[in-house]
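The values are calculated or read from the model by the stated rules, or taken from the named source; none is laboratory data. The structure presented is a predicted model; accordingly, all values stated were derived computationally and were not measured. Cβ sites come from the backbone with ideal geometry, for glycine too, and all protein chains shown count toward neighbours. For the accessible areas, the whole protein counts, side chains as well, though only heavy atoms, and no ligand, DNA or RNA atoms are used. Shrake-Rupley method; radii C 1.70, N 1.55, O 1.52, S 1.80 Å.
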Amino acid sequence: MDPIAIRDEMPALENGVYCNWGAGGPSPRRVVEAGEAALEHHEYDAPRGDGMYAAALEGFEEARTAVADLLGAAPTEIALTESTTDGINRVASALSWDETDVVVRTDLEHAAGILPWQRLERERGIDVRVLETTAGRLDLEDVKAVASEATLFCVSSLTWSHGTRLPIADLVDVAHDEDALVLVDAVQEPGQVPVDVEEWGADFVVGAGHKWLCGPFGSGFLYVREGVESGLAPASIGYRSVQDATAAEYVYAPGAARFEVGTSSPTPYAGLREAIELIEAIGVERIERRIESLTNRFKAGVTDERLLSPREFESGLVTVTADDPEATVERLAENEIVVRSLPYPEAVRVSLHAFNTEDDVDAVLEALEDEPSSGNRA
């Protein structure tokens, strides 16, 4: 299946140039229609059939299977969440913390990978340590230096700031040698590059469908490596968390299910399932090759002084300097070009998906030509 052919199914791409997939990926009509169909079935047909709860649970199971296949996991290792932030918070709430615990993150984390630990620092007295990076790169020697004291590492597999890939499998090896847990924010990977959580070996992996997978908002997921859930008690509990909700003494459901809670809409997960099916029909490897071609074209038009991302391909996220990033984003928006500014480094990020065209790339380059170069290479 040709990804360009899918453009005709994306109303958001009918006018202007959209290059902000790293923030949110507009859904094709078939994804929205799948969500609508699930909602209609749930509200119109299920009450007179097997029931609304049964219909929802069946949809959840189908979504878990789709996510598991995409990530190289087992369905029992997948919990459905609302977002990446939601997934991180569910993990953060499940461990017993005190002032002896140390959480290590990088200085490249999104707010989702910062705020939950700041709260625990304030409320439980944990020690949060920040690994400094250079140009989006993490030095494994810095990881080794703190691993023996770490309770948990929280790191992104693909940085939202530079589009660089971090050495997750190597980091996990270092952490596990010292009995530390690893939580990976992988939201920038599924849908644009292949993901294999078994290869990483991480304990937890969080993501969501509303970026490169082009799924709906509210379609998040959490991978919990088999066996890691034992002994963890999430802050919230409900009938989806346990084996028998009516038992005198509750017993958590096996696998990642203990991280799910209760009633939620089947709509976003039906859309997520359809989005994953579409991505797999196109082929993730094919998508990655096209993204590489488009980003190479874009980088060829950007000087070394302005390019903050690697010149060699790593992802569809490309960051360039700008003297006034917010003003640049507004100026491009006036020309119907959608990109985004970053708080750190202060820069503009252009994210290109396989559904973009060469004309899109050229339009962004042309719009950036008048932007004065900046010395900011934070």
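Screening Thr246 on (1) open to solvent by 10 Å² or more (accessible area, probe 1.4 Å); (2) outside any loop (DSSP other than H, G, I, E, B); (3) farther than 26 Å from Ala145 by Cβ shows it passes everything except condition (2). Return the residue satisfying two criteria in turn: it lies in the stretch 283-305 and is farther than 19 Å from Gly25 by Cβ and of a type outside the set (Lys, Arg), and of such residues it is surrounded by the most Cβ atoms within 10 Å (Cβ to Cβ). Of everything passing the filter in the stretch 283-305, Val302 is surrounded by the most Cβ atoms within 10 Å (Cβ to Cβ).
Looking only at residues in the stretch 306-326 that are of a type in the set (Asp, Glu) and over 21 Å from the mean Cα position of the chain (by Cα), which one is surrounded by the fewest Cβ atoms within 10 Å (Cβ to Cβ)?
First, pick out the residues of the stretch 306-326 that are of a type in the set (Asp, Glu): 312, 314, 323-324, 326.
Retained after the next criterion (residues that are over 21 Å from the mean Cα position of the chain (by Cα)): 312, 323-324, 326.
Values: Glu312: 9, Asp323: 13, Asp324: 15, Glu326: 13.
By that ranking, first place goes to Glu312.
Scanning the stretch 195-209 for residues that are open to solvent by 20 Å² or more (accessible area, probe 1.4 Å) and either touching a Pro at 6+ places or on another chain (Cβ under 6 Å) or not in a loop (DSSP other than H, G, I, E, B) (or both) turns up Glu198, Glu199, Trp200.
Among helices (runs of 4 or more DSSP H) entirely within the stretch 1-97, having at least 1 residues that are surrounded by fewer than 17 Cβ atoms within 10 Å (Cβ to Cβ) singles out 3-6, 29-40, 52-71.
For the stretch 332-355, the set of residues classified as open to solvent by less than 70 Å² (accessible area, probe 1.4 Å) and over 24 Å from the mean Cα position of the chain (by Cα) consists of Leu332, Ala333, listed by residue number. Taking the stretch 29-82 as the range and being polar (S, T, N, Q) and out of contact with any Gly (no Cβ under 6 Å at 6 or more places or on another chain) as the test, only Thr65 passes. Considering the stretch 278-378, the qualifying helices (runs of 4 or more DSSP H), each wholly inside and each with 2 or more residues that are without any contact (Cβ under 8 Å) to a residue 12 or more places away in the chain and closer than 30 Å to Asp196 by Cβ, run over 284-300.
A quick yes/no check of all residues on (1) farther than 15 Å from Leu278 by Cβ; (2) free of Cβ contacts under 8 Å to residues at least 12 places away in the same chain; (3) β-branched (Val, Ile, Thr):
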| site | (1), (2), (3) |
| --- | --- |
| Ala5 | no, yes, no |
| Gly16 | yes, no, no |
| Cys19 | yes, no, no |
| Ala23 | yes, no, no |
| Arg48 | yes, yes, no |
| Glu61 | yes, no, no |
| Arg64 | yes, no, no |
